Amino acid sequence: MNSLKQKWLICRTVADVTYKEWSAYRSHSMVSIIVGPVYFMVQYFIWTAVYGDHSSLGGIELPQMIRYFGATALIGYLTMDFADWNLSMLVRTGKFLTFHLRPIHHRSFALFQKIGHRSLGFLFEFLPCLLIFIFIFGVDMRPASFPWTILSVLLAFLMNFYVNYTIGLTSFWLVQSGGIRNAFMLVSGIFSGALIPLDFFPHWLQMIQFFLPFQYLAYLPAMVFTGHYSLGGLELSSEQAVGIQAVAMLVTLGFNEFVRRLAMKQFTAVGA
């Protein structure tokens, strides 16, 4: 019990220190207050023109589409992750060795680093942009179901972390995982639904998304936010959609643990 309490205090301290450390670079977060709304405004004008005189496209009405892109932007602020880059840097410089001397392993350390970093993002990115969307763009940003939206975003938070951490683990074989990271970001930008809702993809491609991690990062939580989830001809309630997302997150965690153990066997360093 004391050991668990000590580890919890250490993890909480990591989150707190990370929050304070990144607080010194608040200007980085301030940039997002400009970039996020500008991107949203571009999407607003594009989709308004695409809809034209049509009341709906792909079963989605224009106000719902606007809310969808507002939701994906805000979800991105809460789930953003850099665990792969950080882990790759530690492996490349040999500093990963020091984590063998610490009472918690690096994955837990990295997770609480993310919690501290995104807590800052919540204050200086999420909240300002939420207010901009509501009071300047006049978008209704009230979730259809607050509890299910919160749970879905939390699962997306964890899913994004475990996916990126798995990518970072490839550094134990490749030394530099930048290429894989860039490829993943490119594919994820398309298939996560951040650029275009997955409803507009061919049916067979929509079905494949159930077995890939991408939709669980943005599309599914955004659709839970709007209260209307459909993909591949399936229409699910928020409870069902979040249930599938939870299963996907657990599978990703299991795969991450499998790769992590292989990586620890691969790891060789002086004194390790």
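The values are calculated or read from the model by the stated rules, or taken from the named source; none is laboratory data. Computed from a prediction, not measured in an experiment: that's the story for all the values here. For neighbour counting, all protein chains shown are included, and Cβ atoms are generated from backbone atoms with ideal geometry for every residue, glycine included. The area values use the complete protein model at the heavy-atom level, side chains included, leaving out ligands, DNA and RNA. Shrake-Rupley method; radii C 1.70, N 1.55, O 1.52, S 1.80 Å.
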Q. Picking from 193, 254, which residue would you name as being without any contact (Cβ under 8 Å) to a residue 12 or more places away in the chain and either small (Gly, Ala, Ser) or not in a helix (DSSP H, G or I) (or both)?
A. 254
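Out of all the residues in the range 139-148, which are open to solvent by 60 Å² or more (accessible area, probe 1.4 Å) and not charged (D, E, K, R)? Lay out the reasoning, then the answer.
We begin by selecting, within the range 139-148, every residue open to solvent by 60 Å² or more (accessible area, probe 1.4 Å); these are 140, 142, 144, 146-148.
Within the range 139-148, 144, 146, 147, 148 qualify.
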Q. Considering 187, 175, 153, which residue is loosely packed, with under 14 Cβ neighbours inside 10 Å, out of contact with any His (no Cβ under 7 Å at 6 or more places or on another chain), of a type in the set (A, V, I, L, M) and modelled with pLDDT of 90 or more?
A. 187
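Residue 33 - would you say it is modelled with pLDDT under 85 and of a type in the set (Val, Ile, Thr)?
Numbers: modelled with pLDDT under 85: yes; of a type in the set (Val, Ile, Thr): yes.
The answer is yes for residue 33.
Return yes when residue 215 is part of a helix (DSSP H, G or I) and either at positive phi or in contact with a strand residue (DSSP E or B) (Cβ under 6 Å, 6 or more places away or on another chain) (or both) and no when it is not. Break it down stepwise before answering.
Values: part of a helix (DSSP H, G or I): yes; either at positive phi or in contact with a strand residue (DSSP E or B) (Cβ under 6 Å, 6 or more places away or on another chain) (or both): no.
Here the answer is no, as residue 215 does not meet what is asked.
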Q) Hey, among the residues in the range 223-235 that are open to solvent by 40 Å² or more (accessible area, probe 1.4 Å) and assigned to a strand (DSSP E or B), which one's farthest from residue 152 (Cα to Cα)? A) 234
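Does residue 164 satisfy being part of a helix (DSSP H, G or I), open to solvent by less than 20 Å² (accessible area, probe 1.4 Å) and either closer than 20 Å to residue 88 by Cβ or β-branched (Val, Ile, Thr) (or both)? Show your work before the answer.
Values: part of a helix (DSSP H, G or I): yes; open to solvent by less than 20 Å² (accessible area, probe 1.4 Å): yes; either closer than 20 Å to residue 88 by Cβ or β-branched (Val, Ile, Thr) (or both): yes.
Spelling it out, residue 164 is indeed part of a helix (DSSP H, G or I), open to solvent by less than 20 Å² (accessible area, probe 1.4 Å) and either closer than 20 Å to residue 88 by Cβ or β-branched (Val, Ile, Thr) (or both).
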Q: Can you run down the residue pairs with Cβ atoms below 6 Å, 6 or more apart or on separate chains, where the first is in the range 124-141 and closer than 16 Å to residue 75 by Cβ and the partner is of a type in the set (S, T, N, Q) and surrounded by 14 or more Cβ atoms within 10 Å (Cβ to Cβ)?
A: 125/29; 125/32
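Any residue that is closer than 25 Å to residue 196 by Cα, free of Cβ contacts under 8 Å to residues at least 12 places away in the same chain and within 22 Å of the chain's Cα centre (by Cα) - is there at least one of those in the range 77-96?
From the range 77-96, those closer than 25 Å to residue 196 by Cα are 77-82; that's our starting set.
Still in the running and free of Cβ contacts under 8 Å to residues at least 12 places away in the same chain: none.
Checking the range 77-96: not a single residue is closer than 25 Å to residue 196 by Cα, free of Cβ contacts under 8 Å to residues at least 12 places away in the same chain and within 22 Å of the chain's Cα centre (by Cα).
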Q. Among (1) open to solvent by 40 Å² or more (accessible area, probe 1.4 Å); (2) within 19 Å of residue 65 (Cα to Cα); (3) in contact (Cβ under 8 Å) with a residue 40 or more places away in the chain, where does residue 103 come up short?
A. (2)
